[in-house]
Amino acid sequence: MKKVIVNEKVSPDALNILRKAAEVVYIPSGDHEEIKKALHDITAIMLDTTIKFTGELMDSAPNLKVISRTGTGVDNVDVPAATERGILVLHTPDANTVTVAEHTVALIGALTKHLLFLDSETRKGKFKVARRYYLPVDLDGKTLGIIGYGRIGKQVARKCMAAFNMKVIIYDPYISDDVIAPGVIRYTDERKVYQEADIVSLHVPMTDETRNHVGENLLSLMKPSAYLVNTARGNIVDEAYVCKMLDEGRLAGAGFDVLANEPPLDDELFLKNPKTIVSPHSAALTNECTVRVACEAAQGIVDYLEGRMPKSIFNRKGLNL
C-alpha cells in the first residue's frame, strides 16, 4: 500500500478518507525533522504552510507523486521544482472561500467600529470617556475597493453590498467583464481604487508580480480616513510603510490576517501599532472550514491513487494535463 504523510493536525474525517487508499504517516506536530525522515518512501504528502517544500526535500522522496496543500496558496511549495519532477501540486481553492470572506468582513467591521479600542477602554473603567470619542464610522454608502476579484474578492463584495449598502470598486486585470456582478464597478487603473476607496481589501495571490507590490506608490494615494485590510499574503504589502502612515495620521487603520514574517518577530512594528488588528493567518481556520479543506486535500490524493484526475491541480498547465 502507498504511503502518505499528513504533516498537520487534521480531522478524523480526512484521515479516514486517506486510509481507504493508503498507509497514513500522521505527524500532527508538524515536526520538520520527523517529516524529513519519513520522506524516503512516500507517494504523497498533505501539506500545511509551516514547512517550505523545496526541490531538495522532493529529491529526498523519489517516489513522491502528489503534494496536496490544505489551502488555496501554494507559495510554500517550489512549484517549478515539482513540475520539473512530474509531481502534481494540488490545492483547495473552493473550500475556504466563504470562510475567508467572512473573516475579511469581520475585520472591516472591527476596524471601522473601533471595537478593540472601545472594548479595552471600557474594561479599564473609562466607560463615559470611551463613548465620547466618536471614533466609529458608518459603513452604509462607503466605498469598498477590492484588489483581486477572484473567489474570495467576489464574496466580500457581495456580502458588503448586501449587508452594508456599500459601493464596490475593483481592480483585477485577469478577469473578463462577464464575471463581474451587477453594481460592481471595474477600474482599469489600480491607483484610482486606492484614491477613492474608504476601505481597500486585498485578495491577490503571492507571485513575483504581487510581491511587495502594495508599497508607497499605492498606499500614499489612500485617504487619511481610509482603512487597509489584507487577508491574502503578507509579503505583498510594505508593512513598515503602512505603520508610518498610521503613525502620521495618513491612514485610519489596518487589519491583517497575514504578515511578512510568520510567526512575527518580537519587535514587529505592525503588532505594536494601536491602529492595527492582527490575526494569526487564521481567516480560514474555523471548525467547519478546516474539516472541508482537509477532506478536499485528502480526496485529491485518493483520486490520484485510485487512477482519477484530481479536481484542483495548481500546476496543470506545466504538466500538460
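Annotations
- Filtering the stretch 298-308 for residues that are closer than 24 Å to T99 by Cα, of a type in the set (A, V, I, L, M, F, W, C) and modelled with pLDDT of 95 or more leaves a non-empty set.
- In the stretch 58-74, the residues that are over 20 Å from T286 (Cα atoms) and surrounded by fewer than 24 Cβ atoms within 10 Å (Cβ to Cβ) reach residues that are of a type in the set (K, R) and at pLDDT below 95 with C-beta atoms within less than 7 angstrom, at least six apart or across chains, in these pairs: S60/K36.
- Identification of helices (runs of 4 or more DSSP H) wholly contained in the stretch 134-227 with 2 or more residues that are over 22 Å from R250 (Cβ atoms) yields 151-164.
Yes/no per residue for (1) in the same structural domain as N235 (by TED's automatic domain parsing); (2) in a loop (DSSP other than H, G, I, E, B); (3) touching a Gly at 6+ places or on another chain (Cβ under 6 Å); (4) surrounded by 15 or more Cβ atoms within 10 Å (Cβ to Cβ):
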site: F270; (1), (2), (3), (4): yes, no, no, yes
site: P274; (1), (2), (3), (4): yes, yes, no, no
site: I301; (1), (2), (3), (4): no, no, no, yes
site: N320; (1), (2), (3), (4): no, yes, no, no
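- Residue list for the stretch 141-165, filter: crowded, with 22+ Cβ neighbours inside 10 Å and farther than 15 Å from V98 by Cα: L144, G145, I146, I147, G148
- Qualifying residue in the stretch 111-131 (condition: part of a loop (DSSP other than H, G, I, E, B), β-branched (V, I, T), touching a residue at least 12 places away in the same chain (Cβ under 8 Å) and in contact with a Gly (Cβ under 9 Å, 6 or more places away or on another chain)): no
- P205 vs. criteria surrounded by fewer than 22 Cβ atoms within 10 Å (Cβ to Cβ), of a type outside the set (S, T, N, Q) and closer than 25 Å to V77 by Cα: yes
- The set of residues in the stretch 42-55 being modelled with pLDDT under 95 and not polar (S, T, N, Q) consists of L47, D48, I51, K52.
- Filter result for A254 (out of contact with any Asp or Glu (no Cβ under 7 Å at 6 or more places or on another chain), at negative phi and part of a helix (DSSP H, G or I)): no
- Subset of the stretch 215-267 that is under 21 Å from the mean Cα position of the chain (by Cα) and of a type in the set (D, E) - its residue that is nearest to L285 (Cα to Cα): D257
- Residues in the stretch 1-46 that are assigned to a helix (DSSP H, G or I), of a type in the set (A, V, I, L, M) and in contact with a helix residue (DSSP H, G or I) (Cβ under 6 Å, 6 or more places away or on another chain): A14, I17, L18.
The values are calculated or read from the model by the stated rules, or taken from the named source; none is laboratory data. Values in this document were obtained by computation on a predicted structure and should not be read as measured data. Cβ sites come from the backbone with ideal geometry, for glycine too, and all protein chains shown count toward neighbours.
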